[in-house]
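The values are calculated or read from the model by the stated rules, or taken from the named source; none is laboratory data. Treat the numbers as computed from the prediction; the structure is a model and nothing was measured. Cβ placement follows ideal geometry from the backbone for every residue including glycine, while neighbour counts extend to all protein chains displayed. Accessible surface areas use protein heavy atoms only, side chains included; no ligands, DNA or RNA. Shrake-Rupley method; radii C 1.70, N 1.55, O 1.52, S 1.80 Å.
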Amino acid sequence: MIALIDYDAGNMRSVEKALIHLGEKPIVTRDREKILSADRIILPGVGSFGDAMENLEKFGLPDILKEAVDSGIPLLGICLGMQVLFEESEESKGVKGLGFLKGKILRIPAKEGLKIPHMGWNSLEYPREGRLFQDILEHSYVYFVHSYYLKAEDEDIVTATADYGVKIHASVERGNVFGCQFHPEKSGEIGLQILKNFVERQEGF
């Protein structure tokens, strides 16, 4: 069973539809017992870092998600859902993230010819092998919508990068915690394969 975390800050429907297309039956929930009994957890997210953390706290989700991660359940954060896995963001100074991974979320620097937010298709480079990208060729294109980007403290957790005037840490993994800055659910067949790799692969998860 796949638990989609409901904290009033997620693009739930598009992720849910993508999973159903893959033959899964996800549940949208913030219930502790359902989350802790899930085989996989997905934390989507759109909006601001501060609002997302406020909503997570309001529903008591940080402790539940930590318990789930500590118990070994694979967790995938998407877009803002990935950003809140880290420690802090320039978008909402003074607001602490979940801190499951070390790193900061920074504003994409202004540069002539580049529009912010970064909205559209970008190719990925793989600095190291990532379990989410099995059977997906390097330089494949995925869909981004964001004004802030991740700079991970430990680059060994970075499995995909993209260039948009700055090197964006586009995907990360450490143990059972995964993140994508881009939207796999909006990235066509490539994105569906990424989600399929997360929800169906057993080896190493």
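Per-structure values
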| item | result |
| --- | --- |
| Ranked order, Val69, Val95, Val46 - accessible area, probe 1.4 Å, largest first | Val46, Val95, Val69 |
| Environment charge at Gly99 (Cβ cut-off 10 Å; Lys +1, Arg +1, Asp -1, Glu -1) | +1 |
| Among Gly130, Gly97, Gly191, residue whose mean-square fluctuation peaks in a GNM of the chain (springs only between Cα atoms under 10 Å) | Gly130 |
| The stretch 86-133: GluC sites (Glu not before Pro) in DSSP coil with no more than 14 other Cβ atoms inside 10 Å | Glu112, Glu129 |
| Square roots of 5 times each gyration tensor eigenvalue, C-alpha, the stretch 95-165, largest first, Å | 21, 19, 10 |
| Whole-angstrom gap from the stretch 67-84 to the stretch 126-155, using each part's C-alpha centre | 16 |
| Residue-normalised accessible area of the chain, expressed per residue, 1.4 Å probe, Å² | 46 |
| Largest to smallest accessible area among His118, His139, His21 [probe 1.4 Å] | His21, His139, His118 |
| Mean residue ellipticity (222 nm) of the chain, computed from DSSP H runs ≥ 4 via -39,500 (n - 2.57), nearest 500 | -7000 deg cm²/dmol |
| Candidate lysines - alpha carbon under 27 Å from Lys96, same-chain residues fewer than 8 apart omitted | Lys34, Lys58, Lys66, Lys104, Lys151, Lys167 |
| With every protein chain in place, the chain: carbon and sulfur % of accessible area (1.4 Å) | 46 |
| Qualifying GluC sites (Glu not before Pro) for the stretch 143-205 [loop in DSSP, other Cβ within 10 Å: at most 15] | Glu153, Glu203 |
